[in-house]
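Q: Below you'll find the structure I mean.
The values are calculated or read from the model by the stated rules, or taken from the named source; none is laboratory data. This one's a predicted model, so the numbers in the text were calculated from it and none came from an experiment. FYI the Cβ positions are ideal-geometry reconstructions off the backbone, even for glycines, and counts take in every protein chain you see. The accessibility values were calculated without ligands, DNA or RNA, using every heavy atom of the protein model including side chains. Shrake-Rupley method; radii C 1.70, N 1.55, O 1.52, S 1.80 Å.
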Amino acid sequence: MKGAIVIARYFGSWRGIKPKVAAEHGAVGCLIYSDPREDGYVQGDVYPRGPWRPRDGVQRGSVMDMPVYPGDPLTPGVGATKDAKRLAQSEAQTITKIPVLPISYGDAEPLLAALTGPMAPQEWRGGLGITYHVGPGPAKVHLRVKSDWSLKPLYDVIARIPGASAPDEWIIRGNHHDAWVNGAQDPISGQVPLLEEARAYGALLKQGWKPRRTIVYAAWDGEEPALLGSTEWVETHADELAHKAVAYLNSDTNGRGYLGVAGSHTLEEFINDVSRDIEDPETRLTVWKRNQLNDVANARSLEVREEARRRANLRIGALGSGSDYTPFLQHAGIASLNLGYGGEDGGGIYHSIYDDFKWFTAFDDTSFVYGRALAQTMGTAVMRLADAELLPYNFTGLAETVGRYAREVQKLLNDKQDSVREQNRQIDEGVFTATNDPREPLVPPKREEIPPYLNFAPLDNAVDALTRAAERYQKALTKAEANGGAALSKTDLKALNATLLQSERALTLADGLPRRPWYRHQIYAPGFYTGYGVKTLPGVREAIEQKNWREVDDQVPRLARTLGAETDVINRAAEQLEKLTP
């Protein structure tokens, strides 16, 4: 790629990874286009006849290296209003190193058609009526990017309802209000339900209701460029949040269909219970039941299908990045959830000028019933968190999920060993030489060292201890609930909740992940080369993926110590409950 301008299409990985990898391989510029295979006419009718991206639609978006650090690149880890000295000291390492420009598939087509070189692999080919080549070739492009480097103020809008009996325990709910262009779907479809929740709380306050805990509502600015408003707010209030934040609930876009849930697995059972009490506006089933049946219908194996039928709670996803939960969960260690309806709405106008009221009311949540459903879902979740006497964290789901992640990383290593063995064998057999087309030759792979056997015993032992602690807490909680909680005084509850509040914090390490210390959570992080996409047990998983075996040896015991700290918190909470309900 040295000296070349790269053209890449959206999807496959987050847009910011494409110029990052291009620059690492010597490229001097990058064009990114939306191919109709993913969000154009291959998917359905294009706008204005249908919801999908038309020929001239351009997807905007940030390409800052947010998997390393979101927020103001001049003040990493520090609130932008707090420490002006850092402005001169920062190297702004997350700013993209080469110029980048988004274009439409209408503009990309003649550029792609001019490429020569080998045909693109099958999975690289798009939906345009051309033969896809990977280049290089005689094709040339003149790339000119004009940028506005002036500074602009951002406005976070924060509202608070003081808690009546636990004002120093905060439930935080947020959605961003900035958009790339018109922003009807992204972010206003999520912001309007947030405003409706706030209106409903105002009506309840007038009737005399007061929440037990403080409720904080936030409309974030600058989310699209780099999660700016939320990140700087979290960094500015880091000390206060460390002692007060119970949970953060985020939404972004919202549409028609199924409830999407991802976040901290300590809140998995809690959000399952909420979704059982919300009615789906299209089917009149509960949101939980519709999601369960959707999981059954789309299961890729009999095992997954039967689990969806039998498991008490539906599994929730893990969070990578891409919205304002990132600083709360992965930097501050605050239990977080990201919620939004969708799956039945076309997504072909994302981050474009077509994302307006006309498109939304013609093709998405046309009667706003799913906006109401999101307000009901979020409003119920916030109220239950705010009014619960005992914080509704559950650790059995967390322990089970971490155990699954641990088995995955061990399988990842085994699969790499098997893959290298087979590749080396084929090299020795002459497979690549025999099958290489002399007219369109490809570079054969080189022999590799077989990945070594590594010691996962500390991780296995830590998962086992975590599982036992979670079971202990669940047993104590069940006994306390059977007694009606009568033995729990206000003093007891305050002390127990203070312990529980530290459970997500315990899953973080102060020095963070390798080469990106801002990301402190050891269970969830955006992938260094995936961006939005999550990497679970990221320190271990990414070291295996990058074949950095020494780093794997370092990261396994670090992860085990982190899980040990979580186990200590859970055992301490269980002991407090056991003393109160003998």
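Q: Looking at 387, 460 in this structure, which one is in contact (Cβ under 8 Å) with a residue 24 or more places away in the chain, closer than 30 Å to residue 165 by Cα and open to solvent by 50 Å² or more (accessible area, probe 1.4 Å)?
A: Matching residue, one of 387, 460: 387.
Q: When you scan segment 545-563, do you find a residue that is buried (at least 16 other Cβ atoms within 10 Å of the Cβ), touching a residue at least 24 places away in the same chain (Cβ under 8 Å), touching a Phe, Trp or Tyr at 6+ places or on another chain (Cβ under 7 Å) and closer than 24 Å to residue 453 by Cα, even just one?
A: Yes.
Q: Turning to a different aspect of this structure: Could you check residue 493 against (1) at pLDDT below 95; (2) assigned to a loop (DSSP other than H, G, I, E, B) and say which number it fails?
A: (2) is the only condition that residue 493 fails.
Q: Can you report the number of residues in segment 147-169 which are aliphatic (A, V, I, L, M), in contact with a helix residue (DSSP H, G or I) (Cβ under 7 Å, 6 or more places away or on another chain) and surrounded by 15 or more Cβ atoms within 10 Å (Cβ to Cβ)? Working first, answer last.
A: Quick first cut of segment 147-169, residues aliphatic (A, V, I, L, M) only: 151, 154, 157-159, 161, 164, 166.
Then drop every residue that is not in contact with a helix residue (DSSP H, G or I) (Cβ under 7 Å, 6 or more places away or on another chain), which leaves 154, 159, 161.
Cutting the leftovers down to surrounded by 15 or more Cβ atoms within 10 Å (Cβ to Cβ) gives us 154, 161.
Qualifying residue count, segment 147-169: 2.
Q: Check whether at least one residue in segment 127-139 is open to solvent by 70 Å² or more (accessible area, probe 1.4 Å) and of a type in the set (A, V, I, L, M), and report yes or no.
A: No, because not a single residue in segment 127-139 is open to solvent by 70 Å² or more (accessible area, probe 1.4 Å) and of a type in the set (A, V, I, L, M).
Q: I want to confirm something. Restricting to segment 500-531 and keeping residues that are in contact (Cβ under 8 Å) with a residue 40 or more places away in the chain and on the phi > 0 side of the Ramachandran plot, which single residue is least open to solvent (accessible area, probe 1.4 Å)?
A: 531
Q: Further question: Pick from segment 267-296 the residues that are part of a loop (DSSP other than H, G, I, E, B) and not aliphatic (A, V, I, L, M): which of them is least open to solvent (accessible area, probe 1.4 Å)? Walk me through how you get there before you give the answer.
A: Taking segment 267-296 and keeping what is part of a loop (DSSP other than H, G, I, E, B), we get 276-278, 280-285.
Pick out the ones that are also not aliphatic (A, V, I, L, M) and you get 276-277, 280-284.
Values: 276: 76, 277: 98, 280: 3, 281: 19, 282: 78, 283: 59, 284: 143 Å².
Looking at the filtered set, the residue picked out is 280.
Q: When the residues of segment 190-245 are narrowed to those that are without any contact (Cβ under 8 Å) to a residue 40 or more places away in the chain and acidic (Asp, Glu), which ends up farthest from residue 164 (Cα to Cα)?
A: By that ranking, first place goes to 239.
Q: While we're looking at this one, here's another question. Mind checking which residues of segment 262-275 are under 15 Å from residue 379 (Cα atoms) and touching a helix residue (DSSP H, G or I) at 6+ places or on another chain (Cβ under 6 Å)?
A: Of everything in segment 262-275, those that are under 15 Å from residue 379 (Cα atoms) and touching a helix residue (DSSP H, G or I) at 6+ places or on another chain (Cβ under 6 Å) turn out to be 274, 275.
Q: Right, another one. With (1) touching a residue at least 24 places away in the same chain (Cβ under 8 Å); (2) more than 30 Å from residue 187 (Cβ to Cβ); (3) in a loop (DSSP other than H, G, I, E, B) as the list, and residue 392 as the residue in question, which single condition is left unmet?
A: All conditions pass for residue 392, except number (2).
Q: Looking for something open to solvent by 10 Å² or more (accessible area, probe 1.4 Å), modelled with pLDDT under 95 and within 21 Å of the chain's Cα centre (by Cα) - is there at least one such residue anywhere in segment 211-225?
A: yes
Q: Is there any pair linking a residue in segment 29-49 that is closer than 20 Å to residue 358 by Cα and part of a loop (DSSP other than H, G, I, E, B) to one that is among the basic types (Lys, Arg) and open to solvent by 20 Å² or more (accessible area, probe 1.4 Å), with Cβ under 9 Å and at least six apart or on different chains, and which?
A: Pairs found: 40/55; 41/55; 48/358.
Q: Condition first: part of a helix (DSSP H, G or I) and among the β-branched types (Val, Ile, Thr). Now tell me which residues in segment 536-572 satisfy that.
A: Result: 540, 544, 552, 556, 562, 567, 569, 570.
Q: Considering only residues that are over 12 Å from residue 223 (Cβ atoms) and in contact with a Leu (Cβ under 7 Å, 6 or more places away or on another chain), which ones fall in segment 173-193?
A: Those that are over 12 Å from residue 223 (Cβ atoms) and in contact with a Leu (Cβ under 7 Å, 6 or more places away or on another chain): 173, 193.
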